[in-house]
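S.K.: I have a structure here, written as structure tokens, and I will follow up with some questions on it.
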Amino acid sequence: MLNKTLSFAMGCCSCFGFIRTPNRQSQRSKPTTNNNLCQEPLLDDDIEDEEGEPLYNDEVTNNSGDEGAEETRPKRSEEILNFRVENGMICRQFPVKETRKLVRSEDENGNKMINEYIREYKIGSGSYGKVALYRSSVDDKHYAIKAFHKSYLLKLRVAPSETAMMDVLREVLIMKMLEHPNIVNLIEVIDDPETDNFYMVLEYVEGKWICEGSGPTCGLGEETARRYLRDIVSGLTYLHAHNIVHLDIKPDNLLITCHGTVKIGDFSVSQAFEDDKDELRRSPGTPVFTAPECILGVKYGGKAADTWAVGVTLYCMILGEYPFLGDTLQDTYDKIVNNPLVLPNDMNPPLKNLIEGLLSKDPSLRMTLGDVAEDSWVIGDDGPIPDYLCWCKRKSLGIEDNDESNTD
């Protein structure tokens, strides 16, 4: 079912910023408000995993927009991604493995297996599927595998003209194109046309969620927050340089390795854009991290929305709470748009200036990622954030060695 869409030849080129494609005019509907305060995993209790839990409820509702609305922004994003695919614009040295045969079995200890992968236990839920920890019987390494049911994805509508299948396809396409030390790496896609199952085999990040253990009375501390922020900015700068906006930056989507490296995950609502035209219409992923302009208008800039979410995340890391949170969804939106930012009087002034710059309600006055990278608090004693020499840049410069230390 997914084969034709996901199969393509791999290649490398310069970064995607130079892409020129014909402009396409289309009428798009104004998005409606999501009624959930936070976007919870949709299939936590409904999707069937390898142990035979229920598949899904029979009734699936449209949770975003009117049925009669015109075509929305995500389709254009798919057109952009397909253009890149067709022209081999892939920024990774080695292609993602694609497997078209699914074999279910058990190991000698009775543990369930998917092809070479031995299931250990469930570790969480993504936007549309469950995530479990597996160990490869080939290299003995651990991997996080996201499991989906294609029939469910085709039924679930996430926009007037879009199903969850399109979100997953877009997530896979984006992850197939990119590789960065601060982005969770996609290793393999398992899609057997004879089954309803679809799997994404991902790099396993051993650590906790970035803010796990912190709460209203406890943040992470400046030094830890600075180190994490530098990684977030590095990974997000790479995405923006390759004309991808994440649109759901938040602590739950930022994983930390046992070595203290932050990796950005979950690209289920991410979008591609052309040139510098990052104008979007579909609302970002999680309300409490949503920028004011996303609430006020039918269109907004994706990069500025990502930067606002970085500001909210930094606020959470430092203070252990959200800057704008109401009792209801509408109350939360009202506070994001209208309430002034309140910071402790005794906060470190450079840090205070940084948070205020990131959480400027006017996107034209908001700090950019470049501004953040040059900020004195971010630089600290560590110096500037190293530039990452990505694979497509290395190719353009004729550097094709296997050295994984790709920072200038």
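The values are calculated or read from the model by the stated rules, or taken from the named source; none is laboratory data. These numbers come from a predicted model, not from an experiment. A quick note on method: Cβ atoms are made from the backbone with ideal geometry, for glycine too, and the neighbour counts reach across all protein chains shown.
S.K.: Can you say whether Tyr128 is assigned to a loop (DSSP other than H, G, I, E, B) and hydroxyl-bearing (Ser, Thr, Tyr), as far as the supplied structure shows? Let's see the steps before the verdict.
M.R.: Values: assigned to a loop (DSSP other than H, G, I, E, B): yes; hydroxyl-bearing (Ser, Thr, Tyr): yes.
Considered against the rule, which asks whether it is assigned to a loop (DSSP other than H, G, I, E, B) and hydroxyl-bearing (Ser, Thr, Tyr), Tyr128 comes out as yes.
S.K.: Counting only residues that are in contact with a Phe, Trp or Tyr (Cβ under 8 Å, 6 or more places away or on another chain) and hydroxyl-bearing (Ser, Thr, Tyr), which one in the range 358-408 is modelled with the highest pLDDT?
M.R.: Tyr388
S.K.: Could you list, in sequence order, all residues of the range 137-171 that are among the hydrophobic types (A, V, I, L, M, F, W, C), within 21 Å of Val201 (Cβ to Cβ) and surrounded by 21 or more Cβ atoms within 10 Å (Cβ to Cβ)?
M.R.: Passing the criteria: Ala144, Ile145, Ala147, Phe148, Leu153, Ala164, Met165, Val168.
S.K.: Consider Ile123 against the criteria (1) closer than 23 Å to Thr195 by Cα; (2) in a strand (DSSP E or B); (3) within 22 Å of the chain's Cα centre (by Cα): it satisfies all of them except one. Which criterion is unmet?
M.R.: (1)
S.K.: Quick one: how many residues across the range 347-396 are farther than 28 Å from Ile336 by Cα and aliphatic (A, V, I, L, M)?
M.R.: Looking only at the range 347-396, we keep the residues that are farther than 28 Å from Ile336 by Cα, and these are 379-396.
Remaining after also requiring aliphatic (A, V, I, L, M): 379, 385, 389.
Final tally of qualifying residues: 3.
S.K.: Across the range 143-158, which residue is farthest from the chain's Cα centre (by Cα) among those that are within 21 Å of Lys101 (Cα to Cα) and of a type outside the set (A, V, I, L, M)?
M.R.: Only one residue tops the list, namely Ser151.
S.K.: Return only the number of the condition from (1) over 12 Å from Ile190 (Cα atoms); (2) in contact with a Lys or Arg (Cβ under 8 Å, 6 or more places away or on another chain); (3) part of a strand (DSSP E or B) that Pro95 does not satisfy.
M.R.: Answer for Pro95: the failing condition is (3).
S.K.: Another question, if that's okay. Within the range 351-372, how many residues are within 19 Å of Ile232 (Cα to Cα) and either surrounded by fewer than 17 Cβ atoms within 10 Å (Cβ to Cβ) or among the basic types (Lys, Arg) (or both)?
M.R.: Number of matching residues: 7.
S.K.: Also, I was wondering about something else. Give me the residue from the range 294-350 that is within 22 Å of the chain's Cα centre (by Cα) and among the acidic types (Asp, Glu) and, out of that set, surrounded by the most Cβ atoms within 10 Å (Cβ to Cβ).
M.R.: Asp306
S.K.: Would you mind listing the strands (runs of 3 or more DSSP E) fully within the range 157-226 where at least 1 residues are touching a strand residue (DSSP E or B) at 6+ places or on another chain (Cβ under 8 Å) and modelled with pLDDT of 95 or more?
M.R.: Working: elements: 157-159, 186-191, 197-203.
Strands (runs of 3 or more DSSP E) meeting the threshold: 186-191, 197-203.
S.K.: Let me ask something else. Determine the pairs where a residue that is assigned by TED's automatic domain parsing to the domain that holds Ala305 and of a type in the set (Gly, Ala, Ser), located within the range 350-369, has a partner that is in a loop (DSSP other than H, G, I, E, B) and surrounded by 17 or more Cβ atoms within 10 Å (Cβ to Cβ) with Cβ atoms under 9 Å apart, the partner being 6 or more residues away or on another chain.
M.R.: What qualifies is Gly357/Arg366; Gly357/Met367; Gly357/Asp375; Ser360/Arg366; Ser360/Met367.
Conditions tested, residue by residue: (1) touching a residue at least 24 places away in the same chain (Cβ under 8 Å); (2) over 21 Å from Arg84 (Cβ atoms); (3) small (Gly, Ala, Ser).
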| residue | (1), (2), (3) |
| --- | --- |
| Ala164 | yes, yes, yes |
| Asp167 | yes, no, no |
| Ile174 | yes, no, no |
| Met177 | yes, no, no |
| Pro181 | yes, yes, no |
| Ile190 | yes, yes, no |
| Asn197 | yes, yes, no |
| Tyr204 | yes, yes, no |
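S.K.: Can you pull out the residues in the range 253-264 that are buried (at least 21 other Cβ atoms within 10 Å of the Cβ) and not in a strand (DSSP E or B)?
M.R.: At the first step, the residues of the range 253-264 found to be buried (at least 21 other Cβ atoms within 10 Å of the Cβ) are 253-256, 262-264.
Hit for the range 253-264 is Asn253, nothing else.
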